[in-house]
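Take a look at this one; I'll ask things after.
Values in this text are rule-based calculations from the coordinates and carry no lab data. This one's a predicted model, so the numbers in the text were calculated from it and none came from an experiment. Note: ideal-geometry Cβ built from the backbone for every residue, glycine included; neighbour counts use all protein chains shown.
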Amino acid sequence: MRNKVYASFDEAVADIPDGAVFMSGGFGSIGVPRNLIAALLRQGAKDLTGISNNHGGLGEVMDVGKLVDNGQIRKMICAFTAAPHPSRAATFEKLHEAGEVEAELVPQGTLVERMRAAGAGIGAFYTPTGVGTETAEGKEHRDFNGRTYVLETPLHADYAFVRAYRADTFGNLQFRRSQRNFNPIMAMAGKITIAEVEEDILELGEMDPDSIHTPGIVVDRIVKIPPAPEGIWDKPNPRS
């Protein structure tokens, strides 16, 4: 059985080409695959389309905002395209207003369901979310039981970056607490799923099957986060 453990983050992202579509897990500061993002920043692929909860860039932490700052992002698909306060505008907003990067705003629940549909092999689905707003313009509408729904399509990615608490050599993943936000869904939606792992990577069979949240069959590459300063860790947070 193939060992999916990679020696470094740089090796794990080395083949990502210009123009690729990638997903990045995490919600706010929790569960963000910071080391994989940092490796992609070093690798330098451009014209990327990013899919995440937001466009990052709010502070000095490593997130997709650093890729935006470095000119590597062509388009972002996310649930938040603006900062919560005008005084905290990130680089992405300025570039978007100038027409230098594209943005696709997707309601947060719809964003998750579009990723889940990709992982589950669902061709499309109807949702009432967004009906009557700009996010539904140009999309097919149908009425069911007296309510109007809009047709949404799956969100696939060439690469999915996720952050997990524990893994084994086959790629079975366990997430800790709030890491179970976008990470498990994105792991299913990526053609190639790459996971950064906090704990030591176990041998196949050493993980309790009841603790596996994402099966290794959908995970392609795993990398152990080394101690700082080589590895980038989230700030200590009891919810992480």
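Which residues make up the longest stretch of the chain clear of GluC sites (Glu not before Pro) that lie in a DSSP loop with no more than 14 other Cβ atoms within 10 Å, not counting the sites? Show your work: numbers first, answer last.
Values: sites that count: E60, E100, E137, E140, E199, E203, E206, E230.
Looking at the chain, 1-59 is the longest stretch - no exposed GluC sites (Glu not before Pro) with at most 14 other Cβ atoms within 10 Å.
Additional query: Can you pull the one-decimal nm distance between simple spin-label points at T127 and D10, each 7 Å off the Cα toward Cβ?
3.9 nm
Okay, next question. Taking amide H atoms as placed 1.01 Å from N in the peptide plane, list the residues 5 or more away in sequence, or in a different chain, whose amide H sits under 5 Å from that of E104.
For E104, the qualifying residues are M76, I77, C78.
Of the candidates A136, A98, A39, which one comes out as most mobile in a Gaussian network treatment of the chain with C-alpha springs shorter than 10 Å?
A98
Going 7 Å from the Cα of N145 in the Cα-to-Cβ direction, what parts of segment 107-137 have a backbone nitrogen less than 16 Å from that spot?
126-129
Next question, about the same structure. Using a Gaussian network model of the chain whose springs link C-alpha atoms within less than 10 Å, name the residue from P184, P107, P128 with the highest mean-square fluctuation.
In this elastic network of the chain, the residue with the biggest mean-square fluctuation among P184, P107, P128 is P128.
Past 21 Å, Cα to Cα: identify those pairs from K46/K224; K46/K94; K46/K75; K75/K191, in the order given. Walk me through the intermediate numbers first.
On the way: K46/K224 26 Å; K46/K94 19 Å; K46/K75 11 Å; K75/K191 19 Å.
Long pairs (Cα-Cα over 21 Å): K46/K224.
Give a residue-ordered list of calculated ³J(HN,Hα) values for segment 191-201 (Karplus: 6.51 cos²θ - 1.76 cosθ + 1.60, θ = phi - 60°; whole Hz; x for Gly, Pro).
These are the phi-based 3J(HN,Hα) values: 5, 10, 9, 10, 10, 9, 10, 7, 8, 4, 7 Hz.
Of N172, N53, N70, which is the most mobile in a GNM of the chain whose springs link Cα atoms less than 10 angstrom apart?
Its mean-square fluctuation being the largest, the pick is N70.
Continuing with the same structure: Can you tell which of P17, H156, F175 lies farthest toward the positive end of the dipole of the chain, using +1 and -1 charges on the Cβ of basic and acidic side chains (Lys, Arg; Asp, Glu)?
Sorting the options by dipole projection puts first F175.
When the Karplus curve 6.51 cos²θ - 1.76 cosθ + 1.60 is applied with θ = phi - 60°, which whole-Hz ³J(HN,Hα) does each residue of segment 116-123 get, with x for Gly and Pro?
Taking θ as phi minus 60°, the curve returns 4, 4, 4, x, 8, x, 8, x Hz for segment 116-123.
Another question, then. Counting DSSP beta bridges in the chain, what percent are antiparallel, to the nearest 5?
Values: 11 of 39 bridges.
Once the DSSP bridges in the chain are tallied, antiparallel ones form about 30 percent.
If you don't mind, there's one more thing I want to ask. What ranking do T49, T214, T148 get, fewest neighbouring Cβ atoms within 10 angstrom at the top? Show your work: numbers first, answer last.
Numbers: T49 18, T214 24, T148 13.
Lowest to highest Cβ neighbour count: T148, T49, T214.
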